[in-house]
1. When we measure straight from the Cα of K151, which lysines land under 19 angstrom away, once same-chain ones fewer than 8 places off are left out?
2. Among all the lysines, which ones have a C-alpha under 18 Å from K249's C-alpha, if same-chain residues fewer than 8 places away are not counted?
3. Arrange the peptides 182-190, 115-123, 4-12 so that the one whose residues have, on average, the most other Cβ atoms within 10 Å appears first.
4. Pull out the extension gain between E247 and E51, defined as 0.36 nm times the separation in residues minus the alpha carbon to alpha carbon distance; nm, one decimal.
5. Given 0.36 nm per residue, what is the gain on full extension from D12 to D114 after removing their alpha carbon distance, in nm?
6. When the Cα centres of region 34-82 and region 94-141 are compared, how far apart do they sit, in Å?
7. For region 120-128, take each phi angle, set θ = phi - 60°, evaluate the Karplus expression 6.51 cos²θ - 1.76 cosθ + 1.60, and give the result in whole Hz per residue in order, putting x for glycine and proline.
8. For region 2-248, state the average projected area of the convex hull of the C-alpha atoms over all orientations, rounded to one decimal in nm².
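No lab work stands behind these numbers, since they all come straight from the coordinates. For clarity, every value in this text was computed on a predicted model and none was experimentally measured. Cβ placement follows ideal geometry from the backbone for every residue including glycine, while neighbour counts extend to all protein chains displayed.
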Amino acid sequence: MLKIKNLHAQVDDKDILKGIDLEIKAGEIHAIMGPNGSGKSTLASVITGKEEYEMTEGEILFENEELDEVSPEERAHKGIFMSFQYPIEIPGITTTNFIKTAINETRKARGQNDMSAKDMLKMLREKCDLLDIDQKFLSRSINEGFSGGEKKRNEIFQMAMLEPKLAILDETDSGLDIDALKIVANGVNKLKSEDNAVMVITHYQRLLDHIVPDYVHVLFDGKIVKSGGKELAFELEKKGYDWIKEEIK
Ligand SMILES: Nc1ncnc2c1ncn2[C@@H]1O[C@H](COP(=O)(O)OP(=O)(O)OP(=O)(O)O)[C@@H](O)[C@H]1O
Ligand SMILES: [Mg+2]
């Protein structure tokens, strides 16, 4: 699904990613860990095509298509979803309307008609049930006055509705409490299938107790310095990043 080869990227002419190779296949969950400032969020932003991040070398293939010339919107339409890609608060726009628009934009880009009101309602209900969300929540302005956990729930709900092929969840800066962690984990687990893939960026081994990754990668100074199974997350928790520093010397 996603193939990254020798990816180098800059922000403000500063090299941040320094040669990343990563392959994510359908049906897999990959966790990205690593110390603050190692480039995790940058990697996510480069994959989704955020403008201030410049790819200087290498390639990113999504379903065998080079993404370099593909706009962030088109990437979303192709099925790449990233959490936190939306403005924090949008007063006056309900969660339902926001999601309807996003879904129909994607359908339009794929040459399909708008989803019927009936189908939309059915899907909204199904996903609310699946994620245990009170439907009243959907008529509130998006993110306005939402607690951290509610924002998280909203994001997972958006993901459920958009049914992305690749979901990138950057949990790093969100100060998740244990309930929010569970919301994310349950959502991901319920939406997981053989046809989609998830990349989850986290500092917390405990998130990985709930979302069991197939692979864990450690990013350090813009490179993936170690990859392994879920046991790598435990090892990191126990030994800290100094251990990695020693290992790569
Ligand atoms: N928009 C930007 N402008 C300037 N510098 C940036 C920008 N985005 C990232 N950087 C720099 O790139 C480096 C990597 O940042 P990044 O956010 O990718 O790290 P991270 O691994 O996600 O860290 P954390 O665990 O703290 O979230 C940092 O030195 C950061 O200051
Ligand atoms: Mg980050």
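1. K100, K127, K136, K182, K190
2. K18, K223, K226, K239
3. Details: 182-190: 19.2, 115-123: 12.2, 4-12: 16.7.
Per-residue Cβ counts within 10 Å, averaged per peptide and sorted highest first, yield 182-190, 4-12, 115-123.
4. On the way: separation 196, 0.36 × 196 = 70.56 nm, distance 3.45 nm.
Working it through step by step, the gained length comes to 67.1 nm.
5. On the way: separation 102, 0.36 × 102 = 36.72 nm, distance 3.98 nm.
That pair, D12 and D114, stretches by 32.7 nm at full extension.
6. Taking the Cα centre of region 94-141 as reference, the centre of region 34-82 is 26 Å away.
7. Listing the rounded values in order: 4, 4, 4, 5, 4, 4, 4, 6, 4 Hz.
8. On the way: hull surface 53.2 nm².
Spelled out: convex hull of the Cα atoms, projected over all directions, averaged, 13.3 nm².
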